[in-house]
Amino acid sequence: MGVVRLCDRGDVGELVCEFLEVCIHQLLCVRELYPQEIFERRRYINTPVQWARHPDLREYIHSAVTNLQPWVQQGVVDKVTLLVMNKNRTLEEKFVFSFGLKQLSTAGVPAQHLEFALRGFLLKISVSDSFLSPLPPDCSWELVTYLKSSSLDTINKDQPWVPADDEGWDQNFIMTSMKSMRSSYLDMQLYVEHSVEKPTDE
Amino acid sequence: GSVSYLLTPAKPPPSRFAVQQWLSENNVTDAQSHLS
């Protein structure tokens, strides 16, 4: 089998979105936002990951990320966040994927280079419960993406992504960096912001 | 700093309750136990 090369920012964006979809499944499992029984073990870029079996949930994640892909490929996505709220809709955690896609050289890059870097992110997510406190019961989640201001004209009225409300997000959270990469074609950072006050009497 | 525009999917994700119902209605077994 030949070496797959990423030839342009579109190729990198496509792989990043595929990776993002896997990360969302993985985070939902690790943070126990759904019963563990709905997840099955799979492999992605030679790394074990958890994948939701619930059809509507799978479709929801796939559709959200697919609709995000053109913006990622254009380089107008600043951040994609997965928010976790408690049953009072108060923010508990915010996982942040921060992107910076760059123009590739004409030679492109082997996909394996990026896959190797992405593997590190997946492994870090898989152990994130070791440095995060357990969530309270009945938490919910949502995705929010941050587009760069210059990209507002890229939003068309048929897009399933709609303006988000940012009220109530200015709490004093601590930020824990989980993984970052810098390369000539992609800078990416994953960090989690989480509440300082955590239950300790368990 | 620059201003960002925040967007979210128009629909919320399936609730935990809906997924739990799907589990019980479909009698889904724990995949982990089969694979580990």
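The values are calculated or read from the model by the stated rules, or taken from the named source; none is laboratory data. This is a predicted model, so every value here is computed, not measured. Cβ coordinates were reconstructed from backbone atoms using ideal geometry, including for glycine residues, and neighbour counts include every protein chain displayed. Note: accessible area is taken over every heavy atom of the protein model, side chains too, but ligands, DNA and RNA are not part of it. Shrake-Rupley method; radii C 1.70, N 1.55, O 1.52, S 1.80 Å.
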Average beta carbon contacts from partner chains per residue of A:92-100, 10 Å cutoff
0
Expected field for residue B:8, accessible surface area in Å² at 1.4 Å probe radius, rounded to 10, holds 20
Residue-normalised accessible area of region A:51-139, given per residue in Å² at a 1.4 Å probe
43
What quantity of accessible surface, computed with a 1.4 Å probe and excluding non-protein components, is buried in total between chains B and A, in Å² to the nearest 100?
2800
Relative contact order in percent for region A:5-195 (Cα pairs under 8 Å, 6+ apart) equals 29
Over chain A, the sum of -39500 (n - 2.57) across DSSP H runs of at least four, divided by residue number and rounded to 500 deg cm²/dmol, gives at 222 nm -10000 deg cm²/dmol
Go through B:9-19, A:64-74 and give me the packing order, highest mean Cβ count within 10 Å leading.
A:64-74, B:9-19
Give a quick list of GluC sites (Glu not before Pro) in region A:53-103 that DSSP marks as loop, anything other than H, G, I, E or B, with at most 10 other Cβ atoms within 10 Å.
none
Here P(r) for region A:71-154, Cα-Cα distances in 5 Å bins, as whole percents, is 3, 11, 15, 18, 18, 14, 11, 6, 2, 1, 0
With all protein chains present, how much of the accessible area of chain A (probe radius 1.4 Å) comes from carbon and sulfur, to the nearest whole percent?
47
Given the whole protein assembly as supplied and a 1.4 Å probe, what does the accessible area of residue A:63 come to in Å², nearest 10?
40
Run through all the Cα pairs of region A:1-91 and give the fraction in each 5 Å bin from 0, expressed as whole percent.
3, 12, 20, 21, 19, 14, 8, 3, 1, 0, 0
Where the Cα pairs of region A:5-195 fall when distances are cut into 5 Å bins, in %
1, 7, 16, 20, 21, 17, 11, 5, 1, 0, 0
Average projection area in nm² (convex hull over Cα atoms of region A:22-71, one quarter of hull surface)
3.7
